[in-house]
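Asks: Here it is: the structure, laid out below.
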Amino acid sequence: MKPILLQGHERSITQIKYNREGDLLFSVAKDTVANVWYSVNGERLGTYNGHTGAVWCVDCDWDTKNVLTGSADNSCRLWDCETGKQLALLNTNSAVRTCGFDFSGNIIMFSTDKQMGYQCYLNFFDLRDPQQIEDNQPYLSIPCNDAKITSAVWGPLGEFVNAGHENGEINQFSAKSGEILKKAKEHSRQINDIQTSVDLTMFISASKDNTAKLFDSTSLEHIKTFKTERPVNSAAISPIMDHVVMGGGQEAMEVTTTSTRIGKFEARFFHAAYEEEFGRVKGHFGPINCVAFHPDGKSYSSGGEDGYVRIHYFDPQYFDFELEGPVRPFG
């Protein structure tokens, strides 16, 4: 498994995202740049230039027409994927932490940080209504009084958003009324990342409490837990195997206070049914901040605190691998 190394950022990677076909990989970092790459060979296709602060989040709509980015420069921006042209600029009062298109590509949601006296809000815009964009008036804005949102994903039919908070809670917000439909409190510390399965029926949450957990997207029923010894920064679900990949490690601030054993920063593979680890992949010099499976399940990517994105293609034996041990039904 020889990785392809993508060198296009000067500071740590904050998020990576494949488009639906998987031919493109988007990466954003703390250096204000959003890059897009060909996933097959790691060639850089272009950049989306305009942000003036760290870019925290990126998303691409289902037909790879538009790209959405959210940044610490207090803005969420919409781009034309092909030309790199900025289509919309939505100014906010605080940093934009997480963003996403619903499946139709018509509705966007993004959350803003609780900082500088401003509350955390979850905002919804309908891109079919140019007036909303022009006036910078979301059709729905949900205040989150208790704990700020750290990661959020759309549910299966675009009816709700599942949001993870810094206190470990997961809330399901209606995209129509804004009310909280369901709650789950399975994590004891901040949720760093939430990613859905390919069919949107499940999601996996990565937390500072050293675990990643699998949930049902609609009922928020907790299905599985994957335990490690370090904070989990990101976790992703394989589209073809019963596997999850996790990346983590201490934050830069905490690294000096712990043992300097090499191999802290591997990507770790767990079996989704047995909750057991079966493999690790070394590579990054520093914590892994984000991981993502290619939509065909034949490769995965990771973005690190070292500013590199690595694309790993699996060896043939990975697909034949079966975990030995008692067979327990999944779910």
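Asks: So, in region 137-169, exactly how many residues are open to solvent by 50 Å² or more (accessible area, probe 1.4 Å) and not aromatic (Phe, Trp, Tyr)?
Replies: The total comes to 9.
Asks: While we're here: Can you name every residue in region 3-14 that is more than 21 Å from VAL96 (Cα to Cα) and either surrounded by 20 or more Cβ atoms within 10 Å (Cβ to Cβ) or not β-branched (Val, Ile, Thr) (or both)?
Replies: PRO3, LEU5, LEU6, GLN7, GLY8
Asks: Within region 15-51, count every residue that is among the hydroxyl-bearing types (Ser, Thr, Tyr), at pLDDT 95 or above and open to solvent by 30 Å² or more (accessible area, probe 1.4 Å).
Replies: 2
Asks: Name the residue, out of ILE223, ILE194, ILE204, that is farther than 20 Å from LYS17 by Cβ and either β-branched (Val, Ile, Thr) or not in a strand (DSSP E or B) (or both). Quick ask: steps written out before the conclusion?
Replies: On the way: ILE194 fails: farther than 20 Å from LYS17 by Cβ; ILE204 fails: farther than 20 Å from LYS17 by Cβ.
That would be ILE223, the only listed residue that is farther than 20 Å from LYS17 by Cβ and either β-branched (Val, Ile, Thr) or not in a strand (DSSP E or B) (or both).
Every residue, every condition in (1) small (Gly, Ala, Ser); (2) in contact with a Gly (Cβ under 7 Å, 6 or more places away or on another chain); (3) at pLDDT below 95, yes or no:
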residue: THR196; (1), (2), (3): no, no, no
residue: PHE203; (1), (2), (3): no, no, no
residue: LYS213; (1), (2), (3): no, no, no
residue: ASP216; (1), (2), (3): no, no, no
residue: SER219; (1), (2), (3): yes, no, no
residue: ILE223; (1), (2), (3): no, yes, no
residue: PRO231; (1), (2), (3): no, yes, yes
residue: GLY248; (1), (2), (3): yes, no, yes
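Asks: Moving on to the next point. Just checking, which of PRO326, PRO295, PRO239 is at pLDDT below 90 and either open to solvent by 60 Å² or more (accessible area, probe 1.4 Å) or assigned to a loop (DSSP other than H, G, I, E, B) (or both)?
Replies: PRO326
Asks: Which residues, taken from region 77-105, are without any contact (Cβ under 8 Å) to a residue 40 or more places away in the chain, buried (at least 17 other Cβ atoms within 10 Å of the Cβ) and assigned to a strand (DSSP E or B)?
Replies: Hit for region 77-105 is ARG77, nothing else.
Asks: In region 15-44, what count of residues is obtained for those that are in a strand (DSSP E or B), aliphatic (A, V, I, L, M) and closer than 23 Å to PRO239 by Cβ? Break it down stepwise before answering.
Replies: First, the residues of region 15-44 that are in a strand (DSSP E or B): 15-18, 24-29, 34-38, 44.
This time we only want the ones that are aliphatic (A, V, I, L, M), so: 16, 24-25, 28-29, 34, 36.
Now drop any that are not closer than 23 Å to PRO239 by Cβ, which leaves 16, 24-25, 28, 36.
Adding up the residues that qualify gives 5.
Asks: Restricting attention to region 270-292, and to residues there that are assigned to a loop (DSSP other than H, G, I, E, B) and over 19 Å from GLN195 (Cβ atoms), which single residue is least open to solvent (accessible area, probe 1.4 Å)?
Replies: Looking at residues that are assigned to a loop (DSSP other than H, G, I, E, B) and over 19 Å from GLN195 (Cβ atoms), I get GLY286.
The values are calculated or read from the model by the stated rules, or taken from the named source; none is laboratory data. Computed from a prediction, not measured in an experiment: that's the story for all the values here. Cβ atoms come from the backbone with ideal geometry, glycine included; neighbour counts cover every protein chain shown. Accessible surface areas use protein heavy atoms only, side chains included; no ligands, DNA or RNA. Shrake-Rupley method; radii C 1.70, N 1.55, O 1.52, S 1.80 Å.
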